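First comes the structure, then the notes that go with it.
The values are calculated or read from the model by the stated rules, or taken from the named source; none is laboratory data. Everything quoted here is computed from the prediction, not taken from an experiment. All Cβ positions, glycine included, derive from the backbone under ideal geometry; neighbour counts span all protein chains shown. These accessible areas exclude ligands, DNA and RNA; they are computed on the full protein's heavy atoms, side chains included. Shrake-Rupley method; radii C 1.70, N 1.55, O 1.52, S 1.80 Å.
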Amino acid sequence: MFDNFRGLFVNDLSIDLGTANTLVYARDQGIVLNEPSVVAVRQDARGGKRIEAVGHDAKRMLGRTPSHITTIRPLKDGVIADFTVTEKMLQHFIRKVHKKRLLRPITRVLVCVPYGSTQVERRAIRESASNAGARKVYLVEEPVAAAIGAGIPVGEARGSMVLDIGGGTSEVAVISLNGIVYAESVRMGGDRFDEAIVNYVRRQYNMLIGEATAESIKHQIGTAFPGHEVKEIEVVGRHLSAGVPRSFTLNSNEVLDALQEPLSGIVGAVKTALEATPPELGSDVAERGIVLTGGGALLTDIDKLISEETGLPVIIADDPLTCVARGGGILLEMIDRKTGQMFALE
């Protein structure tokens, strides 16, 4: 009964502020928001700026806007690139979550930050959340939240390895006794996959395609490991010599070829982490395997690629896209039970 009464006045939110998507987990409700981290800004004749659209509505405008509207992705490589726009985006998302509430509750927010982000970057995230209406802001490193959300028993004196492949960064970490033993963050992720597809199409076909088209190709026929079945997709782009729209066919083997560079960067980070892991924890990882989280884990056969390259079992977490936000939500509940003190929260 006390929890129900408390829920009227205090609202706990866990926010996975990602380069590609922002997810919000509300206590007792689960994931309440999953929208692209995109903002459309309109500039009027006097030079003033105002927010035109946020999230899904703004993403639909990408590459299709007139000169007075610009679409901005305020986060780059997992950190804030545009402070003001990030603040407005967070305000919009928090208001959207609260819209269904009769009373405007006191909001405690836990934001998941990339491992290796600097104190300046963390302060920017904290201030953005505070200015967006949060009374209390906690920060936790993404690999810890991802591991908790994936259901890994991080409190045990045994090593667990998690690889979180996000939009801007991929983070690999070895976790034991609620802490990070070793972690590395590489600026390779879903955005770099899209970029690689755009560059490949330009080189091989002399065609120019947009970011949204590259993302659609990745989702539909993208693969990280050669398969028996070759999928094809019809793509429309602008021919660079003729300057007119043309259609062409792209197959999954070509996309695999295009993704080689970013994929080898991610595999290299995993191998470096395994080399730096103490032998006792290394044997635990060999026994338990590597757990994949983040939107990048949804790329077809990425688990096969990492397993082939490392010789270790690789498991994709249930609903990998929401692992970080759900892990943050579990951490907020642990703070109330006074067990969250075991984790390095800021």
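Yes/no matrix, rows are residues, columns are (1) at pLDDT 95 or above; (2) aliphatic (A, V, I, L, M); (3) open to solvent by 60 Å² or more (accessible area, probe 1.4 Å); (4) more than 19 Å from Glu142 (Cα to Cα):
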position: Pro279; (1), (2), (3), (4): no, no, yes, yes
position: Ile290; (1), (2), (3), (4): yes, yes, no, no
position: Thr293; (1), (2), (3), (4): yes, no, no, no
position: Gly296; (1), (2), (3), (4): no, no, no, no
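Please go through segment 186-234 and give me each residue that is touching a residue at least 40 places away in the same chain (Cβ under 8 Å), touching a Gly at 6+ places or on another chain (Cβ under 9 Å) and assigned to a helix (DSSP H, G or I), ordered by number.
Within segment 186-234, Gly190, Asp191, Arg192, Phe193, Ile197, Val201, Tyr205, Glu211, Ala212, Lys218 qualify.
Return only the number of the condition from (1) open to solvent by 30 Å² or more (accessible area, probe 1.4 Å); (2) touching a helix residue (DSSP H, G or I) at 6+ places or on another chain (Cβ under 7 Å); (3) not aromatic (Phe, Trp, Tyr) that Met61 does not satisfy.
Single failed check for Met61: (2).
If you scan segment 115-139, which residues turn out to be polar (S, T, N, Q) and either open to solvent by less than 50 Å² (accessible area, probe 1.4 Å) or under 16 Å from Leu13 (Cα atoms) (or both)?
Residues satisfying the conditions are Ser117, Ser128, Ser130, Asn131.
Which members of segment 121-160 meet the condition of being assigned to a helix (DSSP H, G or I) and hydrophobic (A, V, I, L, M, F, W, C)? Break it down stepwise before answering.
Let us first name the residues in segment 121-160 that are assigned to a helix (DSSP H, G or I), namely 121-131, 142-149.
Within segment 121-160, Ala124, Ile125, Ala129, Val144, Ala145, Ala146, Ala147, Ile148 qualify.
Would segment 70-90 turn up any residue that is aliphatic (A, V, I, L, M), farther than 21 Å from Gly166 by Cα and surrounded by 15 or more Cβ atoms within 10 Å (Cβ to Cβ)? Lay out the reasoning, then the answer.
Going through segment 70-90, the residues aliphatic (A, V, I, L, M) turn out to be 72, 75, 79-81, 85, 89-90.
Retained after the next criterion (residues that are farther than 21 Å from Gly166 by Cα): none.
The answer is no, given that none of the residues of segment 70-90 is aliphatic (A, V, I, L, M), farther than 21 Å from Gly166 by Cα and surrounded by 15 or more Cβ atoms within 10 Å (Cβ to Cβ).
Being open to solvent by 20 Å² or more (accessible area, probe 1.4 Å) and not basic (Lys, Arg) narrows it down to one of Glu195, Glu171, so name that one.
Glu195
Return the residue satisfying two criteria in turn: it lies in segment 308-330 and is open to solvent by less than 30 Å² (accessible area, probe 1.4 Å), aliphatic (A, V, I, L, M) and under 15 Å from the mean Cα position of the chain (by Cα), and of such residues it is farthest from Gln29 (Cα to Cα).
Residue satisfying both the conditions and the ranking: Ala317.
I'd like to know if segment 96-109 contains one or more residues that are within 21 Å of Glu211 (Cβ to Cβ) and polar (S, T, N, Q).
Of all residues in segment 96-109, those within 21 Å of Glu211 (Cβ to Cβ) come to none.
Within segment 96-109, none of the residues are within 21 Å of Glu211 (Cβ to Cβ) and polar (S, T, N, Q).
Would you tally the residues in segment 235-247 being hydrophobic (A, V, I, L, M, F, W, C), surrounded by fewer than 13 Cβ atoms within 10 Å (Cβ to Cβ) and in a strand (DSSP E or B)? Even if it seems obvious, please write down each step before you answer.
Going residue by residue through segment 235-247, those that are hydrophobic (A, V, I, L, M, F, W, C) are 235-236, 240, 242, 244.
Adding the requirement that they be surrounded by fewer than 13 Cβ atoms within 10 Å (Cβ to Cβ) leaves 236, 240, 242, 244.
Still in the running and in a strand (DSSP E or B): 236.
Of the residues in segment 235-247, 1 are hydrophobic (A, V, I, L, M, F, W, C), surrounded by fewer than 13 Cβ atoms within 10 Å (Cβ to Cβ) and in a strand (DSSP E or B).
I need the full set of residues from segment 184-232 which are among the aliphatic types (A, V, I, L, M), over 30 Å from Val113 (Cβ atoms) and within 22 Å of the chain's Cα centre (by Cα), in order please.
Correct list: Ile217, Ile221.
Regarding segment 146-157, can at least one residue be identified that is more than 26 Å from Gly30 (Cα to Cα) and open to solvent by less than 20 Å² (accessible area, probe 1.4 Å)?
No, that holds for no residue.
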